[in-house]
Amino acid sequence: MANFIEIIDNDDTVKLINVDNISYVKVNTMAICSIVMNDSSEIKTGIDKETLIKKINL
């Protein structure tokens with residue numbers, strides 16, 4: 001069974017993301033994260049690293 005997290009991106013769109021499809025997470029200088037998927041698409045989240053880690057580790 002896939003693990004999904006709910007993310008609201010910078011366009012205020014709610015997205016369900018399959019955690020298994022995350023390639024890596026980019027963190028900018030303001031500690032705001034972008035999720036890069038296995039297909040190289042990028043989702044700019046507007047949330048900080050600690051919040052994202054909590055969501056992924058649930």
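The values are calculated or read from the model by the stated rules, or taken from the named source; none is laboratory data. As the structure is a computational prediction, the values presented were derived from the model and not from experiment. Neighbour counts run over all protein chains shown; Cβ positions are idealised from the backbone, glycine included. Note: accessible area is taken over every heavy atom of the protein model, side chains too, but ligands, DNA and RNA are not part of it. Shrake-Rupley method; radii C 1.70, N 1.55, O 1.52, S 1.80 Å.
For residues in the range 34-46 being open to solvent by less than 40 Å² (accessible area, probe 1.4 Å) and modelled with pLDDT of 90 or more, which is nearest to ASP12 (Cα to Cα)? Restricting to residues being open to solvent by less than 40 Å² (accessible area, probe 1.4 Å) and modelled with pLDDT of 90 or more, the top hit is ILE43. When the range 18-33 is filtered for residues that are in contact with a helix residue (DSSP H, G or I) (Cβ under 9 Å, 6 or more places away or on another chain) and open to solvent by less than 70 Å² (accessible area, probe 1.4 Å), the ones remaining, listed by number, are VAL19, ILE22, VAL25, ALA31, ILE32, CYS33. Against the test of being assigned to a helix (DSSP H, G or I) and over 9 Å from the mean Cα position of the chain (by Cα), the options LYS15, LYS54 yield a single qualifying residue, LYS54.
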